[in-house]
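**Q** Next up is a structure, given as structure tokens.
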Amino acid sequence: MALNGFGCLKIQDRLLSGTLRGAFPTPRNPPSAAAIFHRKSTALSFSSSFQFQGFVADRNHSSSSVQMAAVRHLEGSVTKTQGLRFAVVVARFNEIVTRRLLEGALETFHKYSVNEEDIDVVWVPGSFEIGVVAEKLGKSRKYHAVLCIGAVIRGDTSHYDAVVNSATSGVLSAGLNSGVPCIFGVLTCDDMDQALNRAGGKSGNKGAECALTAIEMASLFEHHLK
């Protein structure tokens, strides 16, 4: 229905006078301002916690409280040595040190019930030659871990740095290229006293410690990572 200007003025007058109040009904109990505010705040509020993909996160707690279900922890055992075979590569240079390291390693293998017939000891001229032999042994698939023993003592020339870097990278490459754990048991010392202290002296025997590492890594690969 079209209204001219005169009709609009009449409707405006009736609205002002209240005669058209019934045409626009108002609620009998209009909500208070507090009620309106409560409805808005309720509509905007949300739960402080939410759940998805199997775990629950709470906004009132730090991320460290997030709990994951069914997480598996894989680690090697030093008690399950049945059937594990080991090779030990020993540098002859500084034999007064390396032989003590070897003795500590063999004692540890015996302590943890590794059979003597499951251990092969291979001698090489020096620590520089350890890496290539360790890789060859690893690729033979006869051993579950290869323990690398040597001793490099700092002298007055840069020869020390060259041998240490070569021995370190050689053992690392042997493990990566063969897929068999190659344990770094090469001492790098400033003098002979430091070396002897770490080969059964007051600092313990690093050969024994590395043998224990070899057992754990061999077990990890054999029982969990095959």
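Each reported figure results from applying straightforward, stated rules to the coordinates on display, with no laboratory input. Since we're looking at a predicted model, the values are computed, not measured.
**Q** Which ³J(HN,Hα) values in Hz, rounded to whole numbers, follow from the phi angles of the stretch 190-199 under the Karplus curve 6.51 cos²θ - 1.76 cosθ + 1.60, where θ = phi - 60° and Gly and Pro get x?
**A** Couplings: 7, 8, 5, 4, 4, 5, 5, 5, 8, 10 Hz.
**Q** Hey, what do the phi angles of the stretch 148-164 turn into as Karplus ³J(HN,Hα) couplings, whole Hz, using 6.51/-1.76/1.60 and θ = phi - 60°, x for Gly and Pro?
**A** 10, 10, x, 8, 10, 10, 5, x, 8, 10, 7, 4, 4, 4, 5, 5, 4
**Q** Whole-Å semi-axes of the stretch 174-215's equivalent ellipsoid, largest first, each the root of 5 times a Cα gyration tensor eigenvalue? List each step's numbers first, then the result.
**A** Working: eigenvalues 120, 31, 3 Å².
Listed largest to smallest, the semi-axes of the stretch 174-215 are 24, 12, 4 Å.
**Q** While we're here: Could you list which residues have their amide H under 5 Å from that of V152, counting only those 5 or more apart in sequence or on another chain, with H placed in the peptide plane?
**A** For V152, the qualifying residues are L187, T188, C189.
**Q** Taking a cut-off of 19 Å, what percent of all Cα-Cα pairs in the stretch 75-214 are separated by more than that?
**A** Taking all Cα-Cα pairs of the stretch 75-214, the fraction more than 19 Å apart is 47 percent.
**Q** Another one. Once amide H atoms are placed 1.01 Å from N in the peptide plane, what residues at a sequence separation of 5 or more from G126, or on another chain, have their amide H within under 5 Å of its amide H?
**A** The list, which skips near neighbours in sequence, is R92, F93.
**Q** In the structure displayed, which of K139/K202; K136/K206; K111/K226; K136/K226; K111/K202 lie more than 28 Å apart, Cα to Cα? Write down the numbers at each step before the final one.
**A** Details: K139/K202 37 Å; K136/K206 24 Å; K111/K226 26 Å; K136/K226 20 Å; K111/K202 21 Å.
In this structure, K139/K202 exceed 28 Å between Cα atoms.
**Q** Read phi for every residue in the stretch 204-214 and hand back ³J(HN,Hα) as whole Hz from Karplus 6.51 cos²θ - 1.76 cosθ + 1.60, θ = phi - 60°, with x for Gly and Pro.
**A** After applying 6.51 cos²θ - 1.76 cosθ + 1.60, I find x, 10, 5, x, 5, 5, 5, 5, 5, 4, 4 Hz.
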